[in-house]
Amino acid sequence: MTALLTDLNPEQLEAVTWPHRSALVLAGAGSGKTRVLTTRIAYLLQAGHTQPQNILAVTFTNKAAREMIARIGAMLPVNIRGMWIGTFHGLCHRMLRAHHEDAGLPQAFQILDMADQLAVIKRVLKERSLDEKTLPPRQLQWFINNAKEEGLRASQVDARGNFNQTLAECYRAYEAISMREGTVDFAELLLRSHELLSRNEILRDHYRNRFEHVLVDEFQDTNRLQYKWIKLLAGSGLQQHAAIFAVGDDDQSIYAFRGAHVGNMRDLEKDFNVPKIIRLEQNYRSHGNILDAANALIENNKGRLGKNLWTAAGKGELVRVYHASTDMDETSFIVDEIKALHAEGLALSDIALLYRSNAQSRVLEHGLFNASISYRVYGGMRFFDRQEVKHALAYLRLIALPDDDNALLRIINFPPRGIGARTLEQLQDQAGELGTSLWQAALKACENVKTAAVRAGQSGRGVPGFASLVLSLQQECEGLPLPEIIRRVVDQSGLVAHYQAEREGGERLENLKELINAATSFVHEAEDDSLTAFLAHASLEGGEHQAEGHQDAVQLMTVHAAKGLEFQTVFISGLEEGLFPHENSRNEPNGLEEERRLMYVAMTRAQQRLYLSYAESRMLHGQVRVNVPSRFIDEIPDDFLKRLRSSFSGGGYRQALTGTGYAAPSTTSFASTRHQRNSDGNAVTKMAAQRLSGEGFHIGQQVSHTKFGTGTILNCEGSGADMRVQVNFRQAGTKWLSLAYAKLEAL
DNA sequence: TTCCTTGTCGCCCGG
DNA sequence: CGACAAGGAA
């Protein structure tokens, strides 16, 4: 016990040993928030105040949940299994699976991610022959998700006025489709779980009796529905059974755009009679100047709960501000600084490059690539988002739940089997008449033409071919282990053959193999290794497993993605009006304050060194735009800043100082390799290809091999004698070859 | 039906 | 600039 509590500062100690009643912990950036949360759980268990099965801890990201589990596991030899630790979506999903009947869902209900949901919405619009111009699909998606996050069903939304009425009708149609197909989107997980608990008294009492401690991470990011869900579980007023332990920081609330409601912090105080807010204000992360600069910035916001971070560390270095002429100039400055820092011995992985929006990564990637600096981009396309993986998953979904029209539409003609728009229309008409799913309509259609069906079924083409494929997969996969099911699906569906025939299909095939690998490790790790569980995992986790995380590489990500992380050195780029703060924020209520909090989050990621940069002009949306420096820079007192500027346009700052040139762009085609990132399912460290081009080869180049024929270089790794290249041969497929042995010739 | 070209429009953050 | 829908040719 004492070992658990040593090294905690007085405020942390107070939070950890807080009695069995609700608490609100205002935890500043770098103040040991996660430590308090996990130590509190360990303390409760070790002191015998509670049992693992009586604890519920909820976070926003899978990563945070995993970290929490790992840290508790390291502190206590306790069975984590009994605890409910996970994301809001994960826990709601768990609850809905357990009580799917009470929740009105089929046993194998499927989860729609954003892209799936958008596809359904496009179907709704098409069905109602609504033009994409009069009602953009994204707007409808936003409307539906927002309504759900407010706890509103289609019948409850405001339908006054023509436009609102259209929206409400579309929402209603969307609800009907979801119901019929047994699909559930992200917001629906929350809403349905909430409805289940509020309607079903027996279940509600069951869970209320079970959970004595409900701990909430990043409480400032909860939306209204999530807070209601928590209240329902804990009970409130005289009904209150559980103690809520909420940890958050109003200054780090950056998710208002998706419904986060900071007001929940004040509401919690009131609703649960929290006697006082515990403030964690000692920062263990950043040096003084960085912290002071961040504090000064956030002072400009109004209505804060109020806190002032301090550090026992020294002042450290000043915050550097670089004024660039162009985005290229900005990039070359950053690249040169990284080179210099790396030469001084700083690991690349200690450096983070942050930006407001994903589109900005392009220029930065380009610069890093040309300078042969390894980098890693977080948050782009994820493994389970990839086209070929989604196709494979769609087949799997049809096996689990054939009424999922969305899945069916995705692959009924992929790979192409002669089912065109015309056939599909007939099928849809019939389904509409019968009031069934497309799959039922397809079966019906096959019955009517039995002999033809048998013939076509054998050839594998047409609707009968498709139907017999799915039927036979359904039958023979019954009871098989998951990886074997997937292997058969990708094989018999013709996906593998299709991508083999495609010139650029090599990487896609690799991803299909990787899907089987993912299933194999899923089977080993998960309690429930069913197909349905795997499909849910794919939707909820998106494939954030971090392969090659050990490689030394600069970390590129958006500011949102950086929340909760820390780095020795941080660059924040693109600090221009319109970009950061983003221009869209001007029209939103309190939009500017949210942008400022975002900036605050970005700055407080840095431990020892912080760079801010902006450019006078920048390529945006395909055209050059001239920008003014961000007001956020002006809001930081000059005492904490050191201003730098390029001596001449186009040249780097360090170039001007030292004369060490910024490497001329190599012949390596950056564009041709961009889309290859993620071949392992996530952002991959990219070894730049300069060395390779020195040997006469570069990525994207055509080469020939005595045995395998001609092909294209896809990738490379290692250097010198160990260097290997990945080549996609036209005939022989994709292979890794060692340059030391294979005789490759450039074409 | 399929593949390829052309054209339009959006373009911030995410589980 | 890039994703994606619509339209045209084989």
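Could you run through region A:338-381 and say how many residues are crowded, with 20+ Cβ neighbours inside 10 Å, among the basic types (K, R) and more than 18 Å from A:Y322 (Cβ to Cβ)?
1
If we keep just the residues of region A:416-440 that are surrounded by 12 or more Cβ atoms within 10 Å (Cβ to Cβ) and closer than 16 Å to A:R128 by Cα, which is farthest from DNA strand B (Cβ to nearest atom)? Before the answer, list the steps.
Filtering region A:416-440 down to residues surrounded by 12 or more Cβ atoms within 10 Å (Cβ to Cβ) leaves A:417-419, A:423-424, A:426-428, A:430-432, A:436-440.
If we keep only those that are closer than 16 Å to A:R128 by Cα too, we end up with A:428, A:431-432.
On the way: A:Q428: 13, A:A431: 16, A:G432: 18 Å.
Step by step, filter region A:416-440, then rank; the result is A:G432.
With A:V624, A:V601 as the choices, which residue is more than 16 Å from DNA strand C (Cβ to nearest atom), aliphatic (A, V, I, L, M) and over 19 Å from A:E337 (Cβ atoms)?
On the way: A:V624 fails: more than 16 Å from DNA strand C (Cβ to nearest atom).
Every option except A:V601 fails the conditions.
Answer yes or no: is there a residue in region A:153-169 that is surrounded by 14 or more Cβ atoms within 10 Å (Cβ to Cβ) and within 16 Å of DNA strand B (Cβ to nearest atom).
There is no residue in region A:153-169 that is surrounded by 14 or more Cβ atoms within 10 Å (Cβ to Cβ) and within 16 Å of DNA strand B (Cβ to nearest atom).
Testing A:V120 on (1) among the aliphatic types (A, V, I, L, M); (2) more than 16 Å from DNA strand C (Cβ to nearest atom); (3) surrounded by 15 or more Cβ atoms within 10 Å (Cβ to Cβ), one condition comes back false. Which one is that?
Only one criterion in (1) among the aliphatic types (A, V, I, L, M); (2) more than 16 Å from DNA strand C (Cβ to nearest atom); (3) surrounded by 15 or more Cβ atoms within 10 Å (Cβ to Cβ) is unmet by A:V120, namely (2).
Among the numbered criteria (1) over 20 Å from the mean Cα position of the chain (by Cα); (2) under 13 Å from A:L540 (Cβ atoms); (3) buried (at least 19 other Cβ atoms within 10 Å of the Cβ), which one does A:H93 miss?
(1)
Being in contact (Cβ under 8 Å) with a residue 40 or more places away in the chain, out of contact with any strand residue (DSSP E or B) (no Cβ under 8 Å at 6 or more places or on another chain), crowded, with 17+ Cβ neighbours inside 10 Å and not basic (K, R) narrows it down to one residue among A:L556, A:L575, A:L598, A:L579; which is it? Even if it seems obvious, please write down each step before you answer.
Details: A:L556 fails: out of contact with any strand residue (DSSP E or B) (no Cβ under 8 Å at 6 or more places or on another chain); A:L575 fails: out of contact with any strand residue (DSSP E or B) (no Cβ under 8 Å at 6 or more places or on another chain); A:L579 fails: out of contact with any strand residue (DSSP E or B) (no Cβ under 8 Å at 6 or more places or on another chain).
Every option except A:L598 fails the conditions.
Can you confirm whether A:S129 is more than 25 Å from the chain's Cα centre (by Cα), within 16 Å of DNA strand C (Cβ to nearest atom) and loosely packed, with under 15 Cβ neighbours inside 10 Å?
Taking the combined requirement at face value, the residue satisfies it.
For region A:343-373, name all the residues that are of a type in the set (G, A, S), outside any helix (DSSP H, G or I) and touching a strand residue (DSSP E or B) at 6+ places or on another chain (Cβ under 6 Å). I'd like the intermediate steps shown before the answer.
Residues of region A:343-373 of a type in the set (G, A, S): A:343, A:345, A:347, A:349, A:352, A:357, A:359, A:361, A:367, A:371-372.
Applying the additional criterion that residues be outside any helix (DSSP H, G or I) yields A:345, A:347, A:352, A:357, A:371-372.
Answer for region A:343-373, where residues must be of a type in the set (G, A, S), outside any helix (DSSP H, G or I) and touching a strand residue (DSSP E or B) at 6+ places or on another chain (Cβ under 6 Å): just A:A352.
Can you pull out every residue in region A:265-294 that is of a type in the set (V, I, T) and under 30 Å from the mean Cα position of the chain (by Cα)? Let's see the steps before the verdict.
The first filter runs over region A:265-294 and keeps only residues of a type in the set (V, I, T), leaving A:274, A:277-278, A:290.
Of everything in region A:265-294, just one residue is of a type in the set (V, I, T) and under 30 Å from the mean Cα position of the chain (by Cα), namely A:I290.
Here is a list of conditions, (1) of a type in the set (S, T, Y); (2) within 16 Å of DNA strand B (Cβ to nearest atom); (3) crowded, with 24+ Cβ neighbours inside 10 Å, and A:S613 meets all of them except one; can you say which number that is?
Here A:S613 meets the rest and fails (2).
How about region A:617-662: which of its residues are modelled with pLDDT of 50 or more, out of contact with any strand residue (DSSP E or B) (no Cβ under 7 Å at 6 or more places or on another chain), loosely packed, with under 12 Cβ neighbours inside 10 Å and part of a loop (DSSP other than H, G, I, E, B)?
A:H621, A:G622, A:P637, A:S647 - these are the residues of region A:617-662 that are modelled with pLDDT of 50 or more, out of contact with any strand residue (DSSP E or B) (no Cβ under 7 Å at 6 or more places or on another chain), loosely packed, with under 12 Cβ neighbours inside 10 Å and part of a loop (DSSP other than H, G, I, E, B).
Residues that are of a type outside the set (S, T, N, Q), within 27 Å of A:N145 (Cα to Cα) and in contact with a His (Cβ under 9 Å, 6 or more places away or on another chain), at least 3 per element: which helices (runs of 4 or more DSSP H) completely within region A:203-308 meet that? Show your work before the answer.
Values: elements: A:224-234, A:263-271, A:288-298.
Of the helices (runs of 4 or more DSSP H) lying wholly inside region A:203-308, those with at least 3 residues that are of a type outside the set (S, T, N, Q), within 27 Å of A:N145 (Cα to Cα) and in contact with a His (Cβ under 9 Å, 6 or more places away or on another chain) span A:224-234.
Condition first: touching a helix residue (DSSP H, G or I) at 6+ places or on another chain (Cβ under 9 Å) and in a helix (DSSP H, G or I). Now tell me which residues in region A:185-202 satisfy that.
Matches in region A:185-202: A:F186, A:A187, A:E188, A:L189, A:L190, A:L191, A:R192, A:S193, A:H194, A:L196, A:L197, A:S198.
Which of (1) closer than 21 Å to A:E218 by Cβ; (2) touching a residue at least 24 places away in the same chain (Cβ under 8 Å) is the odd one out, the single condition A:P106 does not satisfy?
Of everything listed in (1) closer than 21 Å to A:E218 by Cβ; (2) touching a residue at least 24 places away in the same chain (Cβ under 8 Å), A:P106 misses just condition (1).
Test of understanding: among A:E476, A:E514, which residue is modelled with pLDDT of 90 or more, charged (D, E, K, R) and farther than 22 Å from A:M381 by Cα?
On the way: A:E514 fails: farther than 22 Å from A:M381 by Cα.
After applying the criteria, what remains is A:E476.
Could you tell me how many of the residues in region A:621-636 are within 16 Å of DNA strand B (Cβ to nearest atom) and closer than 20 Å to A:M328 by Cβ?
Result for region A:621-636: 7.
Please go through (1) surrounded by 17 or more Cβ atoms within 10 Å (Cβ to Cβ); (2) out of contact with any Pro (no Cβ under 8 Å at 6 or more places or on another chain) for A:R461 and return the number of the only condition it doesn't satisfy.
Unmet condition: (1).
Under the condition of being among the charged types (D, E, K, R), closer than 30 Å to A:E169 by Cβ and more than 19 Å from the chain's Cα centre (by Cα), which residue from region A:96-126 is nearest to DNA strand B (Cβ to nearest atom)? Give the steps one after another, and end with the answer.
Here is the first cut: in region A:96-126, the residues among the charged types (D, E, K, R) are A:97, A:101-102, A:113, A:116, A:122-123, A:126.
Then keep just the ones that are closer than 30 Å to A:E169 by Cβ; that gives A:101-102, A:113, A:116, A:122-123, A:126.
The next check asks that each one be more than 19 Å from the chain's Cα centre (by Cα); those that pass are A:101-102, A:122-123, A:126.
On the way: A:E101: 25, A:D102: 23, A:K122: 13, A:R123: 18, A:K126: 16 Å.
Only one residue fits best here, namely A:K122.
Does any residue in region A:112-139 that is free of Cβ contacts under 8 Å to residues at least 24 places away in the same chain come within less than 9 Å, Cβ to Cβ, of a residue that is within 14 Å of DNA strand B (Cβ to nearest atom) and of a type in the set (S, T, N, Q) six or more places away or on a different chain, and which pairs are these?
So the pair list comes out as A:L118/A:Q141.
The values are calculated or read from the model by the stated rules, or taken from the named source; none is laboratory data. Quick caveat, the model's predicted, so the values are computed rather than measured. Don't worry about glycine lacking a Cβ; one is built from the backbone with ideal geometry, like all the others, and counts go over all protein chains shown.
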